Amino acid sequence: MSAKKPPRPKNLTSMKMLGKQLAAARRAAGHTQSALAALVKVDEETIASIEQGRRSLKPDLAALLDEILQTKGMLSVGVANLPEIDQFPMWAELYMEHEREAIALSWYDNAVLPGLLQTRAYAEAVLRERVPAYDEDEIETKVAGRVERQEILHRKNPPTLSFVVWEPALHLMIGGPEVRREQLGYLCEVAELPCVSLQFLPLSSPCHAGLNGPFTLLETPDHQHLAYTESQRGSQWVSDPDEVSRLARKYAMLRAQAMTPQDSSGLLDRLLGEQ
């Protein structure tokens with residue numbers, strides 16, 4: 001097995017150029033870094049780091065800055081055209097950054113188990129089903145990245161994590177019987193963590209609020225509420241408060257329709273007993 005390749009760095013020259021554009025627009029609007037940070041509700045250090053090219057400017061913040069600085073979409077266009085040479089595309093990096101910093105995360109999935117709950121073997125089996133196929137180096141790097149994300153489950157002060165999963169995901173033989181058995185056992189362990197609520201939406205349920213597919217809700221440290229959705233045609237961030245509210249209400253309905261965490265743990269025990 002080949003050694004894991006480290007993620008390739010961003011194009012720092014382009015990041016610095018975009019940072020200089022932000023700094024020029026800020027000064028032209030008559031704002032200090034501190035004043036601009038207050039307007040967009042981020043730390044002053046965040047603005048300083050972006051202007052110095054040490055931190056990437058994310059699309060949602062770029063759009064807000066364009067509005068406040070009246071730059072007519074210049075920063076958003078700059079972000080969209082920033083050369084991306086990382087292992088992961090920008091939308092994935094943005095999601096993972098928010099996931100690492102989140103104080104609360106609610107995740108609904110209906111085809112496979114959420115990435116934060118996958119064993120290494122299960123994650124590898126899922127990634128091997130990708131069409132067109134990843135090469136071996138890509139699979140190894142992406143599996144490692146997925147497993148590393150799970151460190152948030154074991155922090156001293158972890159986020160509050162809620163998962164609702166449609167029951168069929170438990171019955172799929174992804175990776176074969178041994179991989180499934182290991183995965184079911186790992187779910188039992190994770191379900192015992194005090195920061196985790198794990199619920200399954202049963203096949204017998206006459207109601208199902210998640211027919212439109214998987215999504216994730218996040219709350220940031222500054223109490224911003226965001227959502228993330230996935231489909232066959234791609235993934236997207238949702239920051240509009242009305243749209244996030246709709247997904248939050250849908251998630252609340254899914255939790256009400258799902259088994260309790262205790263009954264969900266009982267289902268896992270029964271499935272393991274059938275192995």
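The values are calculated or read from the model by the stated rules, or taken from the named source; none is laboratory data. Bear in mind that the values here come from a model prediction, so they are computed numbers and not experimental data. Neighbour counts are summed over all protein chains in view; Cβ atoms, including those assigned to glycine, are modelled from backbone coordinates with ideal geometry.
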The number of residues in the stretch 102-127 that are aliphatic (A, V, I, L, M) and in a strand (DSSP E or B) is 2
Just one listed residue, out of GLY78, GLY53, is farther than 25 Å from LEU218 by Cα, at pLDDT below 85 and either among the polar types (S, T, N, Q) or under 25 Å from the mean Cα position of the chain (by Cα) (or both), and it is GLY53
Checked the stretch 250-262 for anything touching a residue at least 12 places away in the same chain (Cβ under 8 Å) and either surrounded by 13 or more Cβ atoms within 10 Å (Cβ to Cβ) or farther than 19 Å from LEU187 by Cα (or both); matches are LYS250, TYR251, MET253, LEU254, ARG255, GLN257, ALA258, MET259, PRO261
State whether the residues of the stretch 15-37 include one that is farther than 23 Å from PRO159 by Cβ, exposed (fewer than 15 other Cβ atoms within 10 Å of the Cβ), at pLDDT 85 or above and in contact with a Ser or Thr (Cβ under 8 Å, 6 or more places away or on another chain). no
Is one or more of the residues making up the stretch 175-197 part of a loop (DSSP other than H, G, I, E, B) and crowded, with 18+ Cβ neighbours inside 10 Å?
yes
From the option list LEU203, LEU218, LEU247, single residue qualifying as closer than 30 Å to ALA62 by Cα and either surrounded by fewer than 11 Cβ atoms within 10 Å (Cβ to Cβ) or without any contact (Cβ under 8 Å) to a residue 60 or more places away in the chain (or both) is LEU247
